[in-house]
Amino acid sequence: MEDTASESPLAGRCHCGKVRYEAGGRTFNPTICHCADCRRVAGAPCVAWFSVERDGFRVIAGEMRLYASSARAERGFCADCGASLTFQAHDLPGEIDVTTASLDEPGRVPPADHTRTARRLPWMRFADGLPAYPGTREEGLAGADGSGQD
Ligand SMILES: [Zn+2]
Ligand SMILES: [Zn+2]
């Protein structure tokens, strides 16, 4: 749980630039997620995320489309270029996850751990020294089998 005090609000955009957002306030739970849902949605072996309070996130240009990636969550993306931008769990209405790599300055929010590593691709190797949780962070290092998905 890295809290980053930010001087200027974090800002980001999709690949084509039609959707732009600001993510203000404190950031928390920066992670690299290895779940199968993130992998499929992004077409990438894993996806870096951070969280902000829901009130701190706002789309400032364009329109972000929502996709129900599971029964418990919606993911925000650009309908033109397909870039993955947000993850919103229905049971956590007060917060929203944002893809770190869509930030204008991704280096400002480095990941603090890996999550759902039980689902990681077998050829993924970590040399960053960060904790790697098989399931969720809350389940801990000895945690569940990671069969749950985002
Ligand atoms: Zn776009
Ligand atoms: Zn995930």
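Brief remarks follow.
- Selection from GLY25, GLY107, VAL47, by position along the positive dipole direction of the chain (Cβ): VAL47
- Low-density loop positions, GluC sites (Glu not before Pro), the range 1-99 - DSSP coil, at most 16 other Cβ in 10 Å: GLU2, GLU7, GLU63
- Overall Cα dimensions of the chain - principal axes, largest extent first, Å: 42, 31, 29
- Calculated FRET value between ALA101 and GLU139, using beta carbons and R₀ = 30 Å, to 0.05: 0.75
- Low-density loop cleavage sites - chymotrypsin sites (Phe, Trp or Tyr not before Pro) in the range 40-132, where at most 14 other Cβ are within 10 Å (DSSP): TRP123, PHE126
- CD proxy at 222 nm, helix term only [per DSSP H run n ≥ 4: -39500 (n - 2.57); per residue of the chain; nearest 500]: -1000 deg cm²/dmol
- Approximating the spin labels as points 7 Å out from Cα along Cα→Cβ, the ALA36-to-PHE126 distance works out to 2.1 nm.
- Backbone phi angles across the range 16-32, fed through the Karplus curve with coefficients 6.51, -1.76 and 1.60 (θ = phi - 60°), yield HN-Hα couplings of 7, x, 6, 9, 10, 9, 10, 10, x, x, 6, 9, 8, 6, x, 8, 10 Hz in residue order; Gly and Pro are listed as x.
- The value of relative contact order for the chain, using C-alpha pairs under 8 Å at least six residues apart, is 24 percent.
- Förster radius 30 Å - calculated FRET efficiency between ALA79 and GLU22 (Cβ-Cβ, nearest 0.05): 0.90
- For the chain, share of DSSP beta bridges that run antiparallel, in % to the nearest 5: 90
- Dipole size of the chain about its Cα centre, with +1 on Lys/Arg Cβ and -1 on Asp/Glu Cβ: approximately 540 debye, rounded to the nearest 20.
All of the numbers you see were taken from the coordinates with simple rules; none came from a lab. Everything numeric here is computed off the predicted structure, so don't read it as measured data. Cβ atoms come from the backbone with ideal geometry, glycine included; neighbour counts cover every protein chain shown.
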